[in-house]
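Trainee: Encoded as structure tokens, here's the structure I'll be asking about.
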Amino acid sequence: MNLANRLTLARIVLIPVFMTVLLLKVPKGYTLFPHQEIVAAVIFILAAATDGLDGYIARKRNQVTNLGKFMDPLADKLLVSAALISLVQLGQVNAWIAWTILAREFAVTGLRMVASVDRVVISASKLGKIKTITQVVAISALLLQDWPLSLIGIHIGQPLLYIALFFTVISGLDYFRKSRKLLRK
């Protein structure tokens, strides 16, 4: 259990903490404590930041493990899924957008599992990395309710979510296009 794997596991452990802080309300819809949504956003951002950090540490220390290869993408998908489902519950994300993003994640995961049976590794692509970044940025903006730009009347969360949706679909199609070639070999 190296440091990179511990960071990945910490990301998974932070998911229920994030959801509890974001969604736990006292009667009549009041927040549990001041700035509850901001605290939840900070937890989400910290958890998301461990994604790049764990991979960097694993590569730099030459400690890439099978556990890490399995847990890292799973942790990412769990974190994004938890955030999207929470935002649907809060009425900030349309269910069809969350479903499309989650469907892509399950489909690509299934594709990777099928490929792994043939000992084919489907690595993260540049589009996949852009997808992850746009998802995290969009979710963060929504969690922060577009702060600080909302103070001057600028709202970026929803447009960023559509950008993330675009990269989600495009990267999913790209994985399937590339995998067709890999799986034929």
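The values are calculated or read from the model by the stated rules, or taken from the named source; none is laboratory data. Predicted model, so just to flag it, every value in this text is computed and none were measured. Using ideal geometry, Cβ is built from the backbone for each residue, glycine included, and neighbour counts are taken over all protein chains shown.
Trainee: Would you mind telling me which numbered condition in (1) in a helix (DSSP H, G or I); (2) closer than 27 Å to L87 by Cα H155 fails?
Mentor: Evaluating H155 over (1) in a helix (DSSP H, G or I); (2) closer than 27 Å to L87 by Cα leaves (1) as the failure.
Trainee: Still on this structure: Kindly provide the set of residues from the stretch 110-129 that are touching a helix residue (DSSP H, G or I) at 6+ places or on another chain (Cβ under 7 Å) and at pLDDT 85 or above, ordered by number.
Mentor: Once the filter is applied, which keeps residues that are touching a helix residue (DSSP H, G or I) at 6+ places or on another chain (Cβ under 7 Å) and at pLDDT 85 or above, the stretch 110-129 yields L111, L127, G128.
Trainee: Here's something else I'd like to know. Quick one: in the stretch 90-111, of everything that is over 16 Å from the mean Cα position of the chain (by Cα) and in contact (Cβ under 8 Å) with a residue 24 or more places away in the chain, which residue is surrounded by the most Cβ atoms within 10 Å (Cβ to Cβ)?
Mentor: Top of the filtered list is L111.
Trainee: Check T168, T132 and return the single one that is of a type in the set (S, T, N, Q), modelled with pLDDT of 95 or more and in contact with an Asp or Glu (Cβ under 9 Å, 6 or more places away or on another chain).
Mentor: Only one candidate qualifies: T168.
Trainee: Name the one entry in I43, I12 that is under 30 Å from V121 (Cα atoms), assigned to a helix (DSSP H, G or I) and at pLDDT 90 or above.
Mentor: I12
Trainee: Considering the stretch 38-93 alone, what residues qualify as being touching a helix residue (DSSP H, G or I) at 6+ places or on another chain (Cβ under 9 Å), of a type in the set (A, V, I, L, M, F, W, C) and more than 22 Å from L23 (Cα to Cα)?
Mentor: L53, I57, A58, V64, L67, M71, L74
Trainee: Going by the conditions given, is E37 assigned to a helix (DSSP H, G or I), within 16 Å of Q135 (Cα to Cα) and among the acidic types (D, E)?
Mentor: Against the criterion (assigned to a helix (DSSP H, G or I), within 16 Å of Q135 (Cα to Cα) and among the acidic types (D, E)), E37 does not qualify.
Trainee: Residues in the stretch 65-84: is at least one farther than 20 Å from T109 by Cβ, at pLDDT below 95, exposed (fewer than 13 other Cβ atoms within 10 Å of the Cβ) and of a type outside the set (S, T, Y)?
Mentor: no
Trainee: If I filter the stretch 113-129 for residues that are at negative phi, touching a residue at least 12 places away in the same chain (Cβ under 8 Å) and of a type in the set (K, R), do I get at least one hit?
Mentor: no
Trainee: Considering only the stretch 41-48, I want to know if a residue exists there that is under 13 Å from L7 (Cα atoms) and surrounded by 19 or more Cβ atoms within 10 Å (Cβ to Cβ).
Mentor: Yes, there is a match, as at least one residue in the stretch 41-48 is under 13 Å from L7 (Cα atoms) and surrounded by 19 or more Cβ atoms within 10 Å (Cβ to Cβ).
Trainee: Also: So K28 clears everything in (1) part of a helix (DSSP H, G or I); (2) modelled with pLDDT of 85 or more except one condition, right? Which one?
Mentor: With respect to (1) part of a helix (DSSP H, G or I); (2) modelled with pLDDT of 85 or more, K28 is out only on (2).
Trainee: Exactly one of these conditions fails for Y175: (1) under 14 Å from the mean Cα position of the chain (by Cα); (2) crowded, with 19+ Cβ neighbours inside 10 Å. Give me its number.
Mentor: Tallying (1) under 14 Å from the mean Cα position of the chain (by Cα); (2) crowded, with 19+ Cβ neighbours inside 10 Å, Y175 fails exactly one: (1).
Trainee: Let me ask you something else. Any residue in the stretch 146-157 that is surrounded by 14 or more Cβ atoms within 10 Å (Cβ to Cβ) sitting within a Cβ distance under 6 Å of a residue that is of a type in the set (D, E, K, R)? List the pairs, counting only those 6 or more apart or interchain.
Mentor: Qualifying pairs under 6 Å: I156/D146; G157/D146.
Trainee: Among the residues that make up the stretch 113-125, is at least one of them part of a helix (DSSP H, G or I), among the basic types (K, R) and farther than 20 Å from I43 by Cβ?
Mentor: For the stretch 113-125, residues part of a helix (DSSP H, G or I), among the basic types (K, R) and farther than 20 Å from I43 by Cβ: absent.
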